[in-house]
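The values are calculated or read from the model by the stated rules, or taken from the named source; none is laboratory data. Fair warning: this is a prediction, and the values are worked out from it, not measured in the lab. All Cβ positions, glycine included, derive from the backbone under ideal geometry; neighbour counts span all protein chains shown.
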Amino acid sequence: MHLIRCCTAMFFALLVSSSTQAESIDFEKQIQPIFAEHCADCHGADYSESGLRVDDRASLLRGGDHGEPSIVPEKPDASFLLKVIRGEQPDLEMPPGGPPLEKEQIALIEKWIAAGAPWPGQMDASADDVRSDHWSLQPVAQVDPPCEATGESNAIDAFLARKLREKNLQLSKQEDSVALVRRVYFVLTGLPPTPDEVQAVLDHPAGFDVAYGELVDRLLASPRYGERWAQHWLDVIRWAETAGFETNSERPNAWPYRDWVIESLNNDKPYNQFLFEQLAGDSVEQDAALGFLVAGPANLPGQIGRDEESMRQARQDELDEVVRTVGQAFFGLTIGCARCHNHKFDPILQRDYYAMQGIFAGLTYGERRRRGPEDDAWAAQIPQLEEKLAKLRADLQAMRKSHGLRPPLENLETETFEPIMARAVRMEIAATTNGASASLYELQAFSVPEGDEPTQNIALASLGATPSASSFALSNQSRHFDNLVDGTSDRRQAFPWVSGQGGPAWVQVDFQQPTTIHRVVWESGESTPASYVLKVLPVGSDEWVTVADTSQRMLREDDMRSADSIALAGVSDEQVQAIVTNLGQLRSLQAEVGRLSSGPQVFAANFTTSPDPTWLLLRGNAMQRGEELAPAIPLVLGSLEMSKDEPEQQRRLALAKHLTSADHPLTARVIVNRVWQQHFGIGLVDTPSDFGKKGSTPTHPELLDWLAADFMEQGWSLKQLHRQIVMSKAFRQSSQPQEDGLAVDADSRLLWRFPPRRIEAEAIRDSILVVSGKMNLDMGGPGFNLFNQRGGLSDYLAVETFEASGWRRMVYAHKIRMQAVDIFGSFDCPDAGQMTPKRTRSVTPIQALGLFNSPFVVRQASFFAERIRSSVGDDVSQQIDCAFRLALSRPASEEEQAELASLVEQHGLEQLCRAIFNSSEFLFIQ
């Protein structure tokens with residue numbers, strides 16, 4: 001009872017003390033004037049340097065760009081504000097450029113914080129109070145199209161017409177039929193129409209409008225549609241089939257993700273499902289979709305130092321790539337900018353960035369099984385093959401016993417013999433199982449135990465043993481023979497001895513003093529000995545004594561030596577050949593079982609069941625951990641309400657559910673803007689992956705919201721969105737310039753005309769192949785090569801001519817990161833080094849030179865000419881007309897016939913074909 005009274009008295013004393021201390025600080029009279037005089041000019045409502053406001057308690061609790069709370073109530077020493085005004089942060093002098101605060105003022109602020117930072121009217125404020133009035137973070141508005149007011153039946157046209165009227169402009173007349181057919185072909189499929197396809201639309205008995213609508217449906221149903229629009233998405237996430245950075249190693253199984261994207265788009269998979277599977281495809285057996293999360297560059301394990309700092313930093317870099325990809329692709333926000341400090345412009349905190357990391361804390365880069373029908377078919381083959389394997393092994397075991405051979409060598413092998421007093425041990429290796437240089441991690445010799453003395457390995461440098469060898473290799477890390485006696489074979493930190501060259505080699509260990517030994521143990525390194533003699537040097541003798549050899553050892557399953565190089569005691573050449581033949585069959589069968597057992601593979605995200613904790617890193621430094629964080633989304637967008645120990649998959653499922661919610665302000669806006677951009681050349685927001693404050697505001701905000709809302713109401717159907725756009729007058733209008741339009745809106749952002757533009761690099765190459773008649777429409781699978789290699793450090797040499805496998809659509813080319821594609825790279829084809837949500841459209845002399853003189857184009861022009869001759873014969877006029885119809889979808893005019901006839905007659909049809917490939921009409925969407 002006495003103890004309870006004492007504790008109660010102390011508790012009330014503390015309350016009284018705290019209350020008295022709080023009352024002794026008058027914020028409005030003592031603290032606010034200091035802030036107003038010394039801080040408000042740089043950290044006020046109008047201008048907030050480093051993202052910090054001193055007129056807002058929540059801002060001080062949250063802290064500025066440095067990511068540390070400026071004030072921590074009742075904890076002055078943990079408050080960044082005090083560290084700065086005390087001068088404890090030399091690089092952050094506050095107030096800047098002026099005299100420091102007086103000691104009395106600093107003492108007042110310290111006392112105020114210790115008292116809990118009382119602030120009349122703002123005591124309910126929290127560090128989590130993140131608000132924004134930025135347009136993109138507001139709910140998608142439900143807007144009625146101004147159809148009645150504008151007289152336009154299509155909602156898109158109604159919004160555009162209203163904005164145009166404000167500028168005394170109007171939509172242009174409809175484009176010429178042939179040009180419009182070409183336009184919709186290129187936009188939806190990235191390929192030109194054939195002459196027959198154009199003529200079928202022009203000759204439709206129900207008229208052009210009906211024919212055009214039917215054409216749109218056919219193009220959206222074509223497999224060429226998915227190939228075209230997949231490339232746009234791959235640009236956004238900078239997908240490639242190499243790792244990037246210094247090694248740029250190949251990712252041989254990255255291609256299934258590309259095929260998954262194409263198939264998903266062709267099937268019109270609802271965009272919310274498309275998004276969901278890329279975040280949590282493992283939950284619905286869509287493993288290839290998880291290639292999205294690891295689309296970016298990453299260092300390989302061998303490139304990462306083994307010290308703690310290097311490993312932590314590499315892990316941060318991996319997760320950063322994931323957060324940036326998700327943030328820009330789906331949110332349309334540069335969340336990655338908050339890695340080292342609060343976002344400079346958007347309401348995204350540093351803790352938001354690391355909380356987002358927590359969602360992916362269980363993710364690793366690598367190969368994973370790609371489940372599905374193919375995987376099931378593979379698995380069904382395994383039982384029968386395993387039966388064959390078992391029979392082969394039984395046959396080999398019977399052979400071993402019939403020939404009286406010892407069991408095969410192990411990777412860690414022990415050779416036991418009669419005890420012998422020895423000065424040294426020597427291993428002479430004649431061959432390895434794979435023909436590579438001889439290699440061992442350790443060569444150990446064990447003493448005979450005597451009395452209370454246990455056996456020990458006397459072949460240790462620590463016991464005075466001295467190694468030597470026939471040679472040694474130096475490769476990245478030391479492969480010296482000293483490694484034989486260092487006492488460790490831990491692959492994470494130790495290195496083996498490796499012979500300097502292939503063929504016979506020897507290693508030797510001399511003991512510090514003669515010792516009786518009775519067994520030798522060796523551990524294979526980068527290769528495994530297959531044929532060797534083990535010798536010891538007895539005391540009092542200069543002659544080596546053989547204590548073990550491989551003459552009576554059954555061959556290992558991985559022994560790939562030819563039969564004529566193998567000698568086994570008591571086994572004839574024919575019998576050795578039989579063993580070698582069976583082993584070859586066994587290895588082939590085992591490899592096939594291994595392949596089928598692993599299943600089809602895809603380079604995609606893998607996940608651990610127990611993710612590591614996620615920490616707020618002070619200034620982004622991997623070695624300066626702050627508080628532990630629960631997985632979360634940016635506070636300004638709400639809460640996922642997850643704990644620190646949330647199961648791994650649930651984290652990603654929660655994020656996917658959040659992003660596909662009907663009331664999410666960003667997801668639908670971002671994707672409809674991306675689609676709009678690819679139709680008109682520029683988005684309603686012309687910064688398609690940045691809807692933040694540094695991004696652009698929409699030219700037609702109500703249209704953007706209507707499109708987003710309608711998109712969700714239509715079941716998130718991308719094909720429905722395409723159809724809505726291409727059926728509008730805006731898309732179908734002429735691209736011809738008008739003086740009044742150019743004077744008001746030279747960039748055609750208000751869409752008073754269809755903005756003409758050059759087609760992309762892939763569409764140029766694909767169109768050349770279509771027109772030349774060499775296009776290979778095979779879909780899916782590993783890509784063809786544009787270079788002589790698929791990864792590595794050496795120079796990439798461009799493939800200049802191709803055969804049928806290299807005449808596939810360019811989306812199927814093996815994508816090498818940070819390597820510009822020959823010829824077409826100059827047409828702004830991205831190298832996947834950075835995310836490219838919007839391509840540039842440069843004009844350079846290199847483009848014309850490559851497109852006119854490159855071996856690829858010259859050869860395709862020759863094929864084009866052959867195609868024309870086979871169609872119309874040798875009549876020059878008909879050849880010119882045929883060339884125009886195939887390449888430009890129209891006949892040549894009389895003037896063009898007159899101009900080009902002399903070109904064909906003097907220089908050949910091939911030169912006309914080259915000229916057409918270089919014409920603006922061929923290269924532009926009009």
* Given (1) surrounded by fewer than 24 Cβ atoms within 10 Å (Cβ to Cβ); (2) under 13 Å from the mean Cα position of the chain (by Cα); (3) in the same structural domain as F607 (by TED's automatic domain parsing), number of the condition E277 does not satisfy -> (2)
* Checking D831 against (1) surrounded by fewer than 16 Cβ atoms within 10 Å (Cβ to Cβ); (2) under 27 Å from the mean Cα position of the chain (by Cα); (3) assigned to a loop (DSSP other than H, G, I, E, B), which single condition isn't satisfied? -> (1)
* Is it the case that some residue within the range 420-433 is outside any strand (DSSP E or B) and assigned by TED's automatic domain parsing to the domain that holds W497? -> yes
* Residues located in the range 3-56, provided they are in a loop (DSSP other than H, G, I, E, B), over 52 Å from the mean Cα position of the chain (by Cα) and modelled with pLDDT under 85 -> S24
* To do: For the range 500-518, indicate whether the set of residues that are crowded, with 16+ Cβ neighbours inside 10 Å, assigned by TED's automatic domain parsing to the domain that holds P454 and more than 23 Å from L463 (Cα to Cα) is non-empty.
  => yes
* Structure fact -> Filtering the range 418-438 down to residues that are closer than 22 Å to A567 by Cα and not basic (K, R) yields M427, E428, I429, A430, A431, T432, T433, N434, G435, A436, S437, A438
* Which of the residues belonging to the range 212-227 are among the charged types (D, E, K, R), more than 16 Å from S717 (Cβ to Cβ) and surrounded by fewer than 16 Cβ atoms within 10 Å (Cβ to Cβ)? -> E214, R218
* Asked: Condition test on E152, is it part of a helix (DSSP H, G or I) and not hydroxyl-bearing (S, T, Y)?
  -> no
* Does at least one position in the range 142-159 carry a residue that is assigned by TED's automatic domain parsing to the domain that holds D686, touching a residue at least 12 places away in the same chain (Cβ under 8 Å) and under 30 Å from I633 (Cα atoms)? -> yes
* Any residue in the range 211-220 that is in a loop (DSSP other than H, G, I, E, B), aliphatic (A, V, I, L, M) and over 30 Å from Q328 (Cα atoms)? -> no
* Selected residue [touching a Pro at 6+ places or on another chain (Cβ under 6 Å) and outside any strand (DSSP E or B)] from M642, M623 -> M642
* Leading residue by the ranking (farthest from the chain's Cα centre (by Cα)) among those in the range 713-732 that are in a loop (DSSP other than H, G, I, E, B) and under 24 Å from L666 (Cα atoms) -> Q714
* Asked: Any idea which of (1) assigned to a helix (DSSP H, G or I); (2) closer than 30 Å to R753 by Cβ; (3) modelled with pLDDT of 95 or more is the one V904 doesn't satisfy?
  -> (2)
* Structure fact -> Restricting the range 542-566 to residues that are surrounded by 12 or more Cβ atoms within 10 Å (Cβ to Cβ) and free of Cβ contacts under 8 Å to residues at least 24 places away in the same chain, the one farthest from V521 (Cα to Cα) turns out to be A563
* Asked: Do any residues in the range 904-926 that are under 15 Å from F186 (Cβ atoms) have Cβ atoms under 6 Å from those of residues that are at pLDDT 95 or above and in a strand (DSSP E or B), where the two are at least six apart or on different chains, and which pairs are they?
  -> L923/R758; F924/R758; I925/R757
* Write out, first by first residue and then by second, each pair whose Cβ atoms fall under 6 Å of each other, whose residues are 6+ apart or on separate chains, and whose first residue, in the range 755-781, is acidic (D, E) while the second is buried (at least 19 other Cβ atoms within 10 Å of the Cβ) and not in a loop (DSSP other than H, G, I, E, B). => E762/Q231; E762/M810; D766/M810; D778/R808
* **Cross-chain or 6+ apart pairs with Cβ under 6 Å, the range 460-485 first and free of Cβ contacts under 8 Å to residues at least 40 places away in the same chain, then outside any strand (DSSP E or B) and of a type in the set (V, I, T)** => L460/V485; A461/V485
* To do: Pick out the one residue from L666, L618, L596, L586 that is touching a helix residue (DSSP H, G or I) at 6+ places or on another chain (Cβ under 6 Å), closer than 30 Å to G692 by Cα and not aromatic (F, W, Y).
  => L666
* **Residue list for the range 670-689, filter: under 16 Å from I335 (Cβ atoms), buried (at least 21 other Cβ atoms within 10 Å of the Cβ) and not small (G, A, S)** => V670, P688
* Structure fact -> Going through the range 471-499 in order, the residues found to be buried (at least 18 other Cβ atoms within 10 Å of the Cβ) and over 40 Å from the mean Cα position of the chain (by Cα) are F481, L484, V485
* Asked: Any idea how many residues of the range 416-451 are more than 49 Å from the chain's Cα centre (by Cα) and buried (at least 16 other Cβ atoms within 10 Å of the Cβ)?
  -> 9
* Structure fact -> The lone condition R749 fails out of (1) assigned to a loop (DSSP other than H, G, I, E, B); (2) in contact with a Gly (Cβ under 9 Å, 6 or more places away or on another chain); (3) touching a residue at least 60 places away in the same chain (Cβ under 8 Å) is (2)
* To do: Please specify each residue of the range 619-643 satisfying the condition of being over 19 Å from R324 (Cα atoms), in contact with a strand residue (DSSP E or B) (Cβ under 7 Å, 6 or more places away or on another chain) and surrounded by 13 or more Cβ atoms within 10 Å (Cβ to Cβ).
  => R625, G626
